[in-house]
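Asks: Okay, here's the structure, questions in a sec.
No value in this document is a laboratory result; all are computed from the given coordinates. None of the values given here were measured: they were computed from a predicted structure. When we count neighbours, we look across all protein chains shown, and the Cβ atoms used for this are built from the backbone with ideal geometry, even at glycine.
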């Protein structure tokens, strides 16, 4: 709710940024819900993580974790996940995901090379595990015989336990 | 022919009256709160009656953490409205330093905020419920919102004399009560909104949340009437500092 002074350069930058975001946003509803082309479904990454934010939404929520980056420093990663209704059908409610909690996560990485991607599972501190039915095994992103059934597992960062 | 014209004119007058009555219920309401309003004394925090906010241990822990983050300028860690123009939610919106306009209509009272053109609805018994989504999922609809809550839930309103009483529940837990004070999913607010004079509006807000407060607490905010001018098209993202 705060406003800031803007000079012309900032204004242009912001407007260009907004245009890019808007363009991406207009394209997103179709590609995000029906296409998995942005994720490498043949690979599964895993890491201990700290939940920073759960941006609830439908058809997909976005989850922000802090994991140990390749350089050993904390790194924020954003992953696409399920809608509140889908999580509810799996027996999970928003109150189960507490900001600051430590949990284990697995995900299909983005093809772009950006850290993050499509969330596969979350194991909560109490041991309960949410497996994304839409994107995990059995979901449309893992058709029979697809690479997901023979996923190549990897920890993040590569070669480490990824302790946060 | 003349009789037909008279009949049509009479029917037209009836229709005009019906439309007028259905879209402007002000005359039927006990008070007319319509108009453009602005907070009398801009403030970043609600001032609790009785001196201090009755935090639980959990509430105080979160509050102090937010204070530290605020001092460090780490808004993206606790204040998504300031960091990235997310909805400030209720009741924080009622602290907006910018104007808002109240519309009283049949069955619903609307509050249109100048800030980012955010809109609040108070259901007076005539608001059609939001569509629910099917088991297969779909757009973010009633089922999803019922599970997650809203930043600005639809309030339920009724009149007690000339006071509009608006009760609000079903919040998300990731907005703030004001610039710093946190709340949980179970927050409930009860607002008593009334004219204390022709040009002064008062909102007495009672806040309950057993997770964060040991008992309900109240605060009062007053607003001054403003000219009914058109609001500018202000988009928060357009004025977000590039370095935040």
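Asks: At what distance in angstrom do the alpha carbon centres of segment B:39-100 and segment A:47-84 lie from each other?
Replies: Using only Cα atoms to place each centre, the spacing works out to 25 Å.
Asks: Please label the shape of segment B:25-239 as rounded, prolate or oblate, based on the square roots a ≥ b ≥ c of the eigenvalues of the alpha-carbon gyration tensor (a/c under 1.5 means rounded; beyond that, a/b larger than b/c means prolate, else oblate).
Replies: It is rounded, given that a/c, with a ≥ b ≥ c, falls under 1.5.
Asks: Still on this structure: Can you tell me the order of B:166-172, B:87-93, B:221-227 when each peptide is scored by its average per-residue count of other Cβ atoms within 10 angstrom, highest first?
Replies: B:87-93, B:166-172, B:221-227
Asks: Could you tell me the relative contact order of segment B:155-213? Use alpha-carbon pairs under 8 Å, at least six residues apart, and round to a whole percent.
Replies: It rounds to 29 percent for segment B:155-213.
Asks: Next question, about the same structure. Which shape class applies to segment A:68-133: rounded if a/c is under 1.5, otherwise prolate when a/b exceeds b/c and oblate if not, where a ≥ b ≥ c are the square roots of the Cα gyration tensor eigenvalues?
Replies: It is oblate, given that a/c is not under 1.5 and a/b is not larger than b/c.
Asks: Related question: Using a ≥ b ≥ c from the Cα gyration tensor of segment B:162-244 (square roots of the eigenvalues), is it rounded, prolate or oblate, where a/c under 1.5 gives rounded and otherwise the larger of a/b and b/c decides, a/b for prolate?
Replies: It is oblate, given that a/c is not under 1.5 and a/b is not larger than b/c.
Asks: Rounded to the nearest 0.05, what FRET efficiency do residue B:130 and residue B:71 have when you use their Cβ-Cβ distance and R0 = 41 Å?
Replies: Computed FRET efficiency for residue B:130 and residue B:71 comes out at 0.55.
Asks: Would you mind calculating the relative contact order of segment A:65-116 from Cα pairs under 8 angstrom and at least 6 residues apart, reporting the percent as a whole number? Working shown, then result.
Replies: Details: 28 pairs, mean separation 14.5, N = 52.
Once normalised by length, the contact order is 28 percent.
Asks: Mind checking A:91-98 for the average number of partner chain beta-carbons within 10 Å of each residue's beta-carbon?
Replies: Numbers: counts 0, 1, 3, 7, 5, 0, 0, 1.
Shielding by partners across A:91-98 averages 2.
Asks: Can you tell me the relative contact order of segment B:74-232? Whole percent, Cα pairs under 8 Å, sequence separation 6 or more. It would help to have the intermediate numbers written out before the result.
Replies: Details: 290 pairs, mean separation 24.8, N = 159.
Relative contact order of segment B:74-232: 16 percent.
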